[in-house]
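Okay, so here's the structure we're looking at.
Where a number appears in this text, it was derived from the coordinates with a stated rule and is not lab data. Every value quoted in this text rests on a predicted model; they were computed, and no experiment measured them. FYI the Cβ positions are ideal-geometry reconstructions off the backbone, even for glycines, and counts take in every protein chain you see.
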Amino acid sequence: MKTTKTLITTTRILLLLFGCSKDDDNNAFTPTLPEATQTGKNTFGCYIDGMLLTPRDGTGSTLGSDYGMLFFVGPENSPYNELRVRDYKSGNGGLLQLHFNALEDNGEGNFIINESNCENGIDANPNINIRCRMWDDNLQVFKWYCSIENGGTINITYFDLENRIVSGTFSCSAQNRDDPEDIIEITQGRFDINRSTLSNTTFQKT
C-alpha cells in the first residue's frame, strides 16, 4: 500500500513538472515585427542584416533602469530628436539610434537618410542618420554600423506636436565603422511613438 501511494505521488510530481515545462515553452516570448501604425502605440521594429530588433527592457542596475526605448529632445541651440532602441534580453546586443534633425520643422514627409559619424546625441551629424550595433556570434565581437550618405529614406507618416506622437517607416544601407567594405541593409523599419506615455511603457523582458 505504501509503495502504491509513493508511486502515485511520484507520478503526480512528474506530471506537474512536465506540465509546467510545457506551459513555460508555450508562454515564451517571441519578438515579432509590429504593424506600421500611427496612433502612438509605442512600438518599434526593424531588421538589421536580417536580424529582427525590437525594444526589450533590462533588469536595471545601480545606474538606473534599462529602458528598451527612449526618445530624446536636444537643447534649443541644437534642435535634434533621437529615438534610442535597445534589446537588453536576447543576448544579441541589439541597439539602434535614429537621429532626427529639425523634426518639428520638417513634420510629415519623405526624407533622405544621410551619413552618420557613428556618434549620438549632440555629437551626431546634424542630419537624419542612423547608427546601430549587433553582436557577431562568429567573431564574438560587437559590430557598429552607421548610415551612409543618401543611403536610404525615412517616411514620417504622422506627426502630431500637440499630442506628442510621431510615426514612420524607414530603410537604409549602413557601413561597418571599422571595415568600410562591410555594408548591411536595415529593412522594414517602423516606429509609432507617443512621448507622453513612452516612459511608462514596459517592453517585454522574458
### Cβ-based net charge around Y158, under 9 Å, with every Lys or Arg adding one and every Asp or Glu removing one
-3
### Query
Plugging the Kirkwood radius over Cα pairs into Stokes-Einstein for the stretch 60-153, at a temperature of 25 °C and a viscosity of 0.890 mPa s, what D comes out in µm²/s?
171 µm²/s
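What list do you get for E76, E149 if you sort them by fewest beta carbons within 10 Å? Let's see the in-between values first.
Values: E76 6, E149 14.
Lowest count first: E76, E149.
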### Message
Based only on other Cβ atoms within 10 Å, what is the fewest-to-most ordering of E181, E108?
### Response
E181, E108
### Message
Let's see if you can work this out: charge +1 on each Lys and Arg Cβ, -1 on each Asp and Glu Cβ, no other charges. What is the dipole magnitude of the stretch 131-190 about its Cα centre, in debye to the nearest 20?
### Response
260 debye
### Task
Please order D182, D192 by the number of other Cβ within 10 Å, starting at the fewest.
D182, D192
### Overall Cα dimensions of the stretch 31-200 - principal axes, largest extent first, Å
47, 37, 32
